[in-house]
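Only one structure is covered here, and it is reproduced in the block below.
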Amino acid sequence: MPEQAEGTAGSPTNEVRDFLRRRREQIAQRWADEPLFRAVFTVSREEAVEAGKAVVDALAQVADAARVEDPDAAGFTTVREQLARMGAARSRAGLSTAQVSSEMAALRQPVENLLVADLPDASTEHARDCVTTLSVLMGTLRVVVMQTALSEGQALIDRQRLQLLEVATPVIKLWDGIVAVPLIGTLDSARSQVVMETLLESIVEQKARYAILDITGVPTVDSLVAQHLMKTVAAARLMGAECIVSGIRPAIAQTMVHLGLDLGTVVTRASLADALGYVLHQLGVGIVNPVANGPVTR
């Protein structure tokens, strides 16, 4: 890496900074023809050129601060959002992270060619130092794009995970004033929190008086999840709804007992059908069960 003497005239970083500002238009024009810009900015070429100019300005600012190796340099702040959109657009188009990185790497050569053409009278050593500085700067830009793309990708994964949790936690209206949440699969603290939020929102929307929390399909729970379930029951009661827990497996029952959880105020039933029957009885609704000798009301 060539020595970077900030504030010294003719230093490689200053030379690269001045070159970027001087050739801003030409660099942006050449980038507009590269696959990354051409594929992302499809409305007009002018749009791609303007985006290219913004990136060149950021690179010049980073070079001015002599922080060409620092992806956290302040100069990159203004273009991070734009770079994130570009990376996300290419990812949505089916490109892998490696392919996006390759498209970013392809932006270096057009700029390097312009820099070499701008230094016809420079010594071989000085020209080499300037080209090396530019290469490092472009490599840092590539790192910034990859970091931003990974951050955006993780944010997308987190959003999709939350959406899956919400889809896996449906609230069903069984009757006027009765809602139920049938849970299937493993419960963890994150999903338990979604259960609580979703159930409470449905109690308000449906003006429900009773909420059935059916955990027949849950094989086991840990101590944190068991406490979350109890908090859900308590929260539903505060919202004016009685919460009935149904389908507690033996292993889960033992966990709750070992934890010393107070279940005295919680209504429990063996199955969802039993819980619904209990709630309908509380509402004064008669249930007719057909048998061999005719219908019997209970």
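Of the residues that sit in the stretch 7-66 and are aliphatic (A, V, I, L, M) and open to solvent by 40 Å² or more (accessible area, probe 1.4 Å), which one is nearest to residue 78 (Cα to Cα)? Looking at residues that are aliphatic (A, V, I, L, M) and open to solvent by 40 Å² or more (accessible area, probe 1.4 Å), I get 65.
Identification of helices (runs of 4 or more DSSP H) wholly contained in the stretch 197-298 with 2 or more residues that are in contact with a Cys (Cβ under 7 Å, 6 or more places away or on another chain) and at pLDDT 90 or above yields 223-238. The single residue among 66, 84 that is in a loop (DSSP other than H, G, I, E, B) and of a type in the set (A, V, I, L, M) turns out to be 66. For the stretch 68-93, the set of residues classified as within 21 Å of residue 42 (Cβ to Cβ), surrounded by 14 or more Cβ atoms within 10 Å (Cβ to Cβ) and small (Gly, Ala, Ser) consists of 84, 87, 88, 89, 91, listed by residue number.
The condition of being closer than 12 Å to residue 145 by Cα and not aromatic (Phe, Trp, Tyr) holds for only one of 72, 64, that being 72.
Report, by residue number, each residue of the stretch 213-232 that is in contact with a Ser or Thr (Cβ under 8 Å, 6 or more places away or on another chain), closer than 18 Å to residue 174 by Cβ and surrounded by fewer than 22 Cβ atoms within 10 Å (Cβ to Cβ).
216, the sole residue that qualifies.
Tell me, which residue of the stretch 12-61 that is part of a loop (DSSP other than H, G, I, E, B) and in contact (Cβ under 8 Å) with a residue 12 or more places away in the chain is farthest from the chain's Cα centre (by Cα)? For the stretch 12-61, the residue satisfying everything is 23.
Step by step: first the residues of the stretch 187-212, then only those that are touching a strand residue (DSSP E or B) at 6+ places or on another chain (Cβ under 8 Å) and open to solvent by 20 Å² or more (accessible area, probe 1.4 Å), then the one that is farthest from residue 250 (Cα to Cα). Which residue is that? Per the criteria, the residue is 206. Just one of (1) over 19 Å from residue 15 (Cα atoms); (2) open to solvent by less than 70 Å² (accessible area, probe 1.4 Å); (3) in contact with a helix residue (DSSP H, G or I) (Cβ under 6 Å, 6 or more places away or on another chain) fails for residue 96. It is (3).
The values are calculated or read from the model by the stated rules, or taken from the named source; none is laboratory data. Quantities reported herein were computed from a predicted structural model and do not represent experimental measurements. As a convention, Cβ positions derive from the backbone with ideal geometry for all residues, glycine included, and neighbour counts pool all protein chains shown. Note: areas computed on protein heavy atoms with side chains; ligands, DNA, RNA excluded. Shrake-Rupley method; radii C 1.70, N 1.55, O 1.52, S 1.80 Å.
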